[in-house]
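Chemist: Structure in structure tokens, see below.
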Amino acid sequence: MTSLDQLLFSHSSHEITQLKEKDFVADFPELKTSSQNQIPVISQQIFGTNKDVYISKHSRFADYPTHSHQFLEINYIYHGNCQQTINGKTYHFQAGDIILMDNESTQSIKALGEEDILINILFRNKEISLDWLTQLQSHNSIIYDLLLNASIDQSKVSNFAIFPKEKTKAVLPVLQQLLTEYFFPSDFSDKMIDHYLSILMYHLARTLSEVNQEAILEKTNDPYTKLLNLIEHEYQELTLQSAADRLNFNKNYLSNLVKERSGQTFTQLLHYKRLNQAKLLISSTQLPIQEIAQLTGFSNRTFFYKKFEDTFGYKPSDLRKK
């Protein structure tokens, strides 16, 4: 058993009190004064004056009442199981699941047992939100940007997201390191926590896209959706003819379909994906820009530079300097 395990599985003073009282003991002022007619909202005072993130173990052994909050919250099922009711619907979670709840979502949690460990990660910065994750991903995903965002009724968008354990394997080591640095701080822990949090959020943005894309692609035989998926994953060498051959559709039919559904041509969509992928590689790697152009499907250097500047308003070299 690691030092982190020992800390998390040991009984906190609040858990000892709840075991003694055999009932929920309010851990925030808002919950002490709440009434049954009004859902309490936990305020940002939890962070104190200097903290931008607050991480804690959820206390076991008592039902946690329905509440809301003024910040983004991540729940990570570290061990065991957990039953939560989010926005009136009950969910059963297991170790490895991650739940992201945005501002104003409501939540209650059934009593956790001895082997059930739930971690809460709270963000003070209101700019960090589910919408921020969505926009972060849409900048690099043509299917996410053109299909998902266009097809969602914004009035019906959930203010929470569930990341099942099958999709969180890559991020679990990051969470382990984050928790270790937070609960056992040493030299440079603050800086390392900041970086681990950034990696965590990028992982969640990527996973949010994967989960939503799979959900939509499984439910549709729409040729437009299938074409967007081809562009998303095979943009380097894809042509309209090769896409038509793959999907068993007439080339002119696909061309007209893209124009009707997106307002753009197939070539414009293809360049949109290639340019955004090139932008990501320029900003996140040290690969030569000419090599990046070729990797993303542009064989003509002059054409790539012109399309990039026309699209983003600055040159590839300017982005690399930043």
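Chemist: For a quick protection proxy, order the peptides 78-84, 180-186, 248-254 by their average other-Cβ count within 10 Å, most packed first.
Modeler: With the highest mean Cβ count within 10 Å placed first, the list reads 78-84, 180-186, 248-254.
Chemist: Cross-link partners among lysines for Lys315, C-alpha distance below 30 Å, same-chain residues fewer than 8 apart left out?
Modeler: Lys259, Lys273, Lys279, Lys306, Lys307
Chemist: I would also like to ask the following. So, R0 is 56 Å and r is the distance between the beta-carbons of Ser12 and Leu247; what FRET efficiency does that work out to, to 0.05?
Modeler: Rounded to the nearest 0.05, the efficiency is 0.50.
Chemist: Give me the one-decimal nm value for the distance between modelled label points at Thr265 and Phe184, 7 Å along each residue's Cα-to-Cβ direction.
Modeler: 6.0
Chemist: Let me ask something else. Which residues in the range 53-76 have a backbone N closer than 13 Å to a point placed 7 Å from the Cα of Glu114 along the Cα-to-Cβ line?
Modeler: 61
Chemist: What is the extension gain from Thr239 to Thr90, computed as 0.36 nm multiplied by their sequence separation minus the C-alpha to C-alpha distance, in nm to one decimal?
Modeler: That pair, Thr239 and Thr90, stretches by 49.0 nm at full extension.
Chemist: So how do 297-310, 111-124 stack up, highest first, on mean other-Cβ count within 10 Å?
Modeler: Highest to lowest by the protection proxy: 111-124, 297-310.
Chemist: Mind checking the full-extension length gain between Gln38 and Leu287? Use 0.36 nm per residue of separation minus the Cα-Cα distance, one decimal, nm. Working shown, then result.
Modeler: Working: separation 249, 0.36 × 249 = 89.64 nm, distance 5.56 nm.
This chain segment gains 84.1 nm when fully extended.
Chemist: What is the distance, in nm, between label points placed 7 Å from the Cα along the Cα-to-Cβ direction at Lys22 and at Leu280?
Modeler: 5.5
Chemist: Using the crude model of +1 on Lys and Arg Cβ and -1 on Asp and Glu Cβ, and no other charge, please compute the dipole size for the range 221-321 relative to its Cα centre, in debye to 20.
Modeler: 240
Chemist: Compare the peptides 160-173, 62-75 by average per-residue count of other Cβ atoms within 10 angstrom and give them in order, highest first.
Modeler: Per-residue mean Cβ counts within 10 Å order the peptides as 62-75, 160-173.
Read the figures in this text as sums done on the coordinates, not as results from a lab. Keep in mind the model is a prediction, meaning the values are calculated, not measured. Quick reminder, even Gly has a Cβ in these numbers, built from the backbone with ideal geometry, and neighbours come from all protein chains shown.
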